[in-house]
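Okay, structure first, notes after.
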Amino acid sequence: MAEVRALSLQGDGVHRAGLKVLGVVLALTAWQLYAMASGNRLVPSLPTIGNRLIELLQDPEFWEHTASTLRNGLMGLAIGLALAASAGYLAARNWVVDAAIHPVINLLYPVPKLALYPIVILVLGLDWPSRVAQVALECFFPLFVQCHAGVRAVGTRMEWLARNAGASSWETAREIVWHSALPFLLTGLRVAMPIVLIVTTVTEFIGDSQGLGHLIARSAAFFDTAAALSVVAVLGAIGFAADRLVVWLRQRLVFWEKGVVI
Amino acid sequence: MRQEMRPGTAPHRAVSPPLSPPAWQEFVRQRPWLVTLAFVLACLALWELAAARPGRPEYLLGPSQIFTELLALTQGGGLAAQVLASLRRALLGFAIGGGLGLLLGLLAGVSRNFRDLFDLTQAFTHPVPKIALFPVVAVVLGFTDISRVLIIAISAFFPAYLNAVNGALGVNPRLFWVARNVGASRWRSFWQVLLPASLPRAVVGLRISLMVSFVLMVATEVVGHSNGLGAALMRAYREGAYGPMYAGIVCTALCGMAANALLAQASRRLLAWQAHAGGHLG
């Protein structure tokens, strides 16, 4: 195993890129073979999915669904982030708040919050507010953990320095805490992004709704698996783009930590 | 521990003359769980009061009502069957997906070729919300346990895989040299050197996988006709049977907490020989 490691250091870029592409080609070929072998209309071949995807992209209704999904997801994320950031900040700075809420949040972290969806629907109705609330609820927890850790990561000396220089608590928060918490915040966002997509999709499955999740469920109900898989691919592309966006933001905003890759 | 968790107290004391806090305050500071308890009890009391209010919405049940409801349902045995059906799915999916993710991740960690082969495919498939595949899988395989476990396993795979890769990449190569020097076979190096050495990181991935499995357990049961906790609480919601609905929610929450606590305990055991045991979620 050691020689594998040593060899890998000499591996040339072309060889590496070739292997990576080969992996994708193998995966796609496997699917294509499976689709052809099953001979089942329900297992669409790659060209079928591709054609269906192109059709979908030209359909204005598809774009309405996409906009709805993005709107709900981003609104939920924003609300969850605002709550998590304020709760995380308070808990990290005040031991009474920390003692009160931190153990409770740790206990509730592994609970599948989706189980609370019926209550959320009962309170907010079946329309978009319940979906937004569910997304916010679900991404609150990882964001809280990161915000809390970020505010805690403030160097004690930095804080003393700020206090000696006569900085108010607002100035300390803006000039010191913000900079130490930012990398953590972005890590939290990176964890929360896939959660946002999952929850938005599931909530769109339920009830008569709109959004990409609804589009998948409807296509599948009409046995149009090619369309459903196209929408899945679009969701994957959105997730990929969101992840790249967070990484890019990190490089721009946390420029002093260039070497570290999350 | 407590001391670390109160940054900013030291300069306060240095600047202002020692205003010794009242004895009770110091007493509580030494026992922060008292605050937790008080907070939880206050929340429960407020909830109970809100549920006892005359103009309350029909769906608002107090904690005491939920508790009696839960007791009544556990005696019937129906709830136990739902819990078992759900747990079987979640744990089976976790075992398959998490186990495969761990093994392939370790392999990818030591073999650059293997890692490269998976790299792009993984980068494209990882961001797809796997639950979105469920309706498609259900069309082909039906709304059966097979499709549910499959979706849970695919979802549980990725966190386990990614963390195992990172864990294996972080293993000190000297450990392998030592293993080679004493003539250990590749097979033995894998099981006796690589696996234990990358376990701390890998276990963090497994814990995330377990949480994901429970989320997907509920998600796959909510959609389509099924048995299990998710289906039971959705049905109860549709029928307006709010007691059973809350009972289902409480059971789901307890299952998630129990599974997480068990895995945390197991990882503490497994990693007892390592200083930085445990690791945090996130």
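The values are calculated or read from the model by the stated rules, or taken from the named source; none is laboratory data. It should be emphasised that the depicted structure is a prediction, and the values quoted were computed from it without experimental measurement. With ideal geometry, Cβ positions are generated from the backbone for all residues, glycine too; neighbour counts draw on all protein chains shown.
The table below lists the values:
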quantity	calculated
Residue ranges of helices (runs of 4 or more DSSP H) in segment B:18-85 with at least 1 members within 14 Å of chain A (Cβ to nearest Cβ) and under 26 Å from the mean Cα position of the chain (by Cα)	B:32-52, B:63-76
So B:VAL193, is it of a type outside the set (D, E, K, R) and either more than 12 Å from every other protein chain (Cβ to nearest Cβ) or touching a Lys or Arg at 6+ places or on another chain (Cβ under 7 Å) (or both)	no
Residue that is nearest to B:VAL215 (Cα to Cα) [pool: residues in segment A:152-171 that are within 9 Å of chain B (Cβ to nearest Cβ) and surrounded by 15 or more Cβ atoms within 10 Å (Cβ to Cβ)]	A:ARG152
Which numbered condition A:PHE184 fails, given (1) out of contact with any His (no Cβ under 8 Å at 6 or more places or on another chain); (2) more than 10 Å from chain B (Cβ to nearest Cβ)	(2)
Residues satisfying the stated conditions in segment B:1-47, i.e. among the polar types (S, T, N, Q) and either modelled with pLDDT of 65 or more or touching a strand residue (DSSP E or B) at 6+ places or on another chain (Cβ under 6 Å) (or both)	B:SER20, B:GLN25, B:GLN30, B:THR36
Scan of segment A:220-257 for residues that are within 9 Å of another protein chain (Cβ to nearest Cβ), β-branched (Val, Ile, Thr) and under 18 Å from A:THR48 (Cβ atoms), ordered by number	A:THR225, A:VAL231, A:VAL232
B:HIS225, sole failed condition from (1) more than 11 Å from every other protein chain (Cβ to nearest Cβ); (2) outside any loop (DSSP other than H, G, I, E, B)	(2)
Subset of segment A:207-219 [buried (at least 22 other Cβ atoms within 10 Å of the Cβ) and either facing another protein chain (nearest Cβ under 8 Å) or free of Cβ contacts under 8 Å to residues at least 60 places away in the same chain (or both)]	A:LEU212, A:GLY213, A:ILE216, A:ALA217, A:SER219
Residues of segment B:216-228 satisfying the condition of being of a type in the set (A, V, I, L, M) and either over 14 Å from A:TYR117 (Cβ atoms) or modelled with pLDDT of 85 or more (or both)	B:LEU216, B:MET217, B:VAL218, B:ALA219
Filter result (crowded, with 24+ Cβ neighbours inside 10 Å and either more than 9 Å from every other protein chain (Cβ to nearest Cβ) or free of Cβ contacts under 8 Å to residues at least 40 places away in the same chain (or both)) within segment B:228-238	B:GLY228, B:ALA232, B:LEU233
Count of residues meeting criterion [charged (D, E, K, R) and modelled with pLDDT under 85] in segment A:35-88	1
Residue within segment A:109-121 that is touching a residue at least 24 places away in the same chain (Cβ under 8 Å), in the same structural domain as A:VAL154 (by TED's automatic domain parsing), over 20 Å from A:ASN72 (Cα atoms) and crowded, with 17+ Cβ neighbours inside 10 Å present	yes
Lone unmet requirement of (1) in contact with a Pro (Cβ under 7 Å, 6 or more places away or on another chain); (2) farther than 22 Å from A:LEU197 by Cβ for B:ALA168	(1)
B:ARG207 being closer than 18 Å to B:LEU107 by Cα, in a helix (DSSP H, G or I), facing chain A (nearest Cβ under 10 Å) and of a type in the set (Lys, Arg)	no
Members of segment B:161-194 that are surrounded by 12 or more Cβ atoms within 10 Å (Cβ to Cβ) and outside any helix (DSSP H, G or I)	B:GLY170, B:VAL171, B:ALA184
Residue match in segment A:84-99 (condition: in contact with a Leu (Cβ under 6 Å, 6 or more places away or on another chain) and under 26 Å from A:VAL202 (Cα atoms))	yes
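Listed here are the residues, each with its yes/no results for (1) of a type in the set (D, E, K, R); (2) within 12 Å of chain B (Cβ to nearest Cβ); (3) under 22 Å from B:ALA231 (Cβ atoms).
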residue	(1), (2), (3)
A:LEU77	no, no, no
A:ARG93	yes, yes, no
A:PRO103	no, yes, no
A:TYR109	no, yes, no
A:ARG131	yes, no, yes
